[in-house]
1. Quick check on Gly165: is it more than 19 Å from the chain's Cα centre (by Cα), small (Gly, Ala, Ser), over 30 Å from Glu273 (Cα atoms) and surrounded by 14 or more Cβ atoms within 10 Å (Cβ to Cβ)?
2. In the set Ala276, Ala240, which member is among the aliphatic types (A, V, I, L, M) and without any contact (Cβ under 8 Å) to a residue 12 or more places away in the chain?
3. Being assigned to a helix (DSSP H, G or I) and of a type in the set (Ser, Thr, Tyr) is the filter here; which residues of region 296-341 pass it?
4. Quick check on Ala348: is it open to solvent by less than 50 Å² (accessible area, probe 1.4 Å), of a type in the set (Gly, Ala, Ser) and under 21 Å from Gly141 (Cβ atoms)?
5. Could you count how many residues in region 282-297 are buried (at least 19 other Cβ atoms within 10 Å of the Cβ) and among the β-branched types (Val, Ile, Thr)?
6. Among the residues of region 207-229, what is the count of those that are out of contact with any helix residue (DSSP H, G or I) (no Cβ under 8 Å at 6 or more places or on another chain) and open to solvent by 60 Å² or more (accessible area, probe 1.4 Å)?
7. Would it be correct to say that Val367 is under 13 Å from Gly119 (Cβ atoms), touching a residue at least 40 places away in the same chain (Cβ under 8 Å) and assigned to a helix (DSSP H, G or I)?
8. Could you tell me whether region 306-315 includes any residue that is closer than 30 Å to Gln239 by Cβ, open to solvent by 50 Å² or more (accessible area, probe 1.4 Å) and within 16 Å of the chain's Cα centre (by Cα)?
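The values are calculated or read from the model by the stated rules, or taken from the named source; none is laboratory data. Predicted model, so just to flag it, every value in this text is computed and none were measured. So basically every Cβ, Gly included, is an ideal-geometry build from the backbone, and we count neighbours across all protein chains shown. Side chains included, ligands, DNA and RNA excluded: accessible areas come from the protein's heavy atoms. Shrake-Rupley method; radii C 1.70, N 1.55, O 1.52, S 1.80 Å.
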Amino acid sequence: MTSSAQLPPSAGAPADDPAARRAGAPAPYRTKTPGPPPAPGAPAAVRGRAAVLTAALAAALLAAVVLAAGIGAYDISPGDVLSSTAHRLRLGGGDLGRVGESVLWNVRLPRVVLAVLVGASLGCAGALMQGVFGNPLAEPGVIGISSGAAVGAVGAIALGADVLGNWTVSAFAFLSGLATVLLVYALSRSGGRTEVVTLILTGIAVNAFAGALIGLFVFFADNAQVTQITFWQLGSLSQATWPKVLAVLPCAAVGLAVAPLYARKLDLLALGERPARHLGVDVERLRIALVLVVALLTAAAVAVAGVITFVGLVVPHLLRMAAGPGHRFLVPGSALGGALVLVVADLAARTVADPAELPLGVLTALVGSPFFFWLLRRTRRRQGGWA
């Protein structure tokens, strides 16, 4: 917003304004005149486009969930999926029989629901990271959260830890991811402030160190443990169960509920740190809060699904290209888009090479890497080089 002290003389009150002269104000700064009005209908058009995209994403996600729940070695029609769901909710419908009910509710739906939660968490975390760093090339792994969580999980597998039974690997991954992001933040903080460049460079160093630790664990692991570690690092939802869904649900729900509350502050931060501070944003507190939200979302997702890359990079950028940079749409839209992408990717992973199953992380990387390369060249071309 342009203040009256920034207006040229021609934009203020006339120099002979009696009231202003009696108040002793200099002629050019006596009254504030609003600037030129915005283009008619522009904000309404943006809001309308965002609303249409949100509705389209929600409808596409619902359709993808129904299809993914029915497609597989034991096919279930979309009508039967909806009928069984209605029957479970006591809204009518009908039972599919012992085999159909078991396949749908014990195998397919836990996997599909977990894909929704993990995809939404990664997509939302990517949007927050790009907003905090002011860079469309940022994604959750850039500050070491994914690699830190991987160290915890790989260490639990290699050391044969069984403190929490079936929850041991997931718990170690989650705690290690949170500890890593706190370490990165502490190392990059200086003089009561944290610079984005320092945070990113510290994250790169921590990623390298985490990779070395994972290599050591793999070196000392036996063949069975190496197989489990490799499968986990490639990312997969094949071990999905309702308990795993319940494990990630609280973290995802808290993170996804809190993230939209920071949308307005992220929009102000996009103007730059100094303008954001002048407009009342505590930039340092905002950055701490959002980094913790990103850590919560990413560590929970990695803990149950392994390392799945590029969802947090691709989805927010595509939505930004479609509906602009406003975070009031971008944050929840990225959650919906991430959930849609991961449900479709998981469906492809388990059906493309049937009866074998492609690792989900490999599939997202195969699609995301070319997109990242295109995005890198596009950004460089628009800026006329990096120098």
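1. No; evaluated as a whole, the condition is false for this residue.
2. The match here is Ala276.
3. Residues satisfying the conditions are Thr298, Ser334.
4. Spelling it out, it is not the case that Ala348 is open to solvent by less than 50 Å² (accessible area, probe 1.4 Å), of a type in the set (Gly, Ala, Ser) and under 21 Å from Gly141 (Cβ atoms).
5. Residues flagged as buried (at least 19 other Cβ atoms within 10 Å of the Cβ) and among the β-branched types (Val, Ile, Thr) within region 282-297 amount to 3.
6. The number of residues fulfilling the criteria is 8.
7. Considered against the rule, which asks whether it is under 13 Å from Gly119 (Cβ atoms), touching a residue at least 40 places away in the same chain (Cβ under 8 Å) and assigned to a helix (DSSP H, G or I), Val367 comes out as no.
8. Checking region 306-315: not a single residue is closer than 30 Å to Gln239 by Cβ, open to solvent by 50 Å² or more (accessible area, probe 1.4 Å) and within 16 Å of the chain's Cα centre (by Cα).
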